[in-house]
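Note sheet for the following structure.
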Amino acid sequence: MKCTIKAFGISRDILGQRETIMEVSEGCTVAELRAMLFHRFPRLQGLRSLFVAVNSEYANDTRLLAAGDEIALIPPVSGG
Amino acid sequence: MIKITEKPIDIQKVIDATSSLGAGAVNVFIGTVRNTAHGKNVVWLEYECYESMAVAEIRKIMDEASHRWPLLGAAVSHRVGTLKPGEVSVVIAVSAPHRKDSFEACQYIIDTLKVKVPIWKKEIFEDGEEWISAQPNMERSYN
């Protein structure tokens, strides 16, 4: 299935775009998706952390992705 | 009240959103843009936000604060976009029957917002720019 991944902050700079589309298998976990992203965009590995949000919520590494999920990369936050 | 805005924050509106006749205290935190970082002059900051998630995370923080302290009202307004030194980036107001609870809850909300809510700022210096807190550190944790 195709996943659209939103990118924010420094992760957007590294991807060079606000969104990217990746082909992942149904039932792919968040950890597997992160590993694919690290492979495709090695500079992401240099971040202090990179959480993944699914449908506007922080997702654990074991979370399974489903078609239609809204996925976002969350590098270290710095609001306030 | 939870607001993410590109316009200057109306501080009084944030305070008014927490008004209650039962309140003996309204505690207000105002975050402002500092003109220096790492010994360099900050020209401006760029704030970016994942709005749907930011609103949801702020709501969770406010709900948790309401569980921990007997609050009568709470409001958060966060600015995004381009901000210059001296401008207000965030306003948090909390009302409670007694001041101690309002102080503690207000501090909890700003401290938790800074580590949980998906908002990012980039410092623009005279000679470069940098996303705050993003850069390397050998420790990494995802859960």
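The values are calculated or read from the model by the stated rules, or taken from the named source; none is laboratory data. Since we're looking at a predicted model, the values are computed, not measured. Every residue, glycine among them, receives a Cβ derived from its backbone with ideal geometry; neighbour counts consider all protein chains shown.
Just so you know, in the stretch A:39-50 the residues that are under 17 Å from residue A:22 (Cβ atoms) and within 11 Å of chain B (Cβ to nearest Cβ) include one that is nearest to the chain's Cα centre (by Cα), and it is A:50.
Pairing each residue of the stretch A:63-74 that is within 13 Å of chain B (Cβ to nearest Cβ) and closer than 11 Å to residue A:4 by Cα with any residue that is of a type in the set (Lys, Arg) and in a loop (DSSP other than H, G, I, E, B), provided the two are 6+ apart or on different chains, yields no C-beta distance under 6 Å. A single member of A:9, A:16, A:79 is on the phi > 0 side of the Ramachandran plot, of a type in the set (Gly, Ala, Ser) and facing chain B (nearest Cβ under 10 Å), and it is A:9.
If only residues of the stretch A:27-38 that are more than 11 Å from every other protein chain (Cβ to nearest Cβ) and under 12 Å from residue A:63 (Cα atoms) are counted, the one that is modelled with the lowest pLDDT is A:27. Scanning the stretch A:52-76 for residues that are crowded, with 21+ Cβ neighbours inside 10 Å and not aliphatic (A, V, I, L, M) yields a count of 1. Restricting the search to strands (runs of 3 or more DSSP E) fully inside the stretch B:1-50 and requiring at least 2 residues that are touching a helix residue (DSSP H, G or I) at 6+ places or on another chain (Cβ under 7 Å) and not charged (D, E, K, R) gives B:2-5, B:25-32. Just to be sure, is residue A:23 facing chain B (nearest Cβ under 8 Å) and without any contact (Cβ under 8 Å) to a residue 24 or more places away in the chain? Here the answer is no, as residue A:23 does not meet what is asked.
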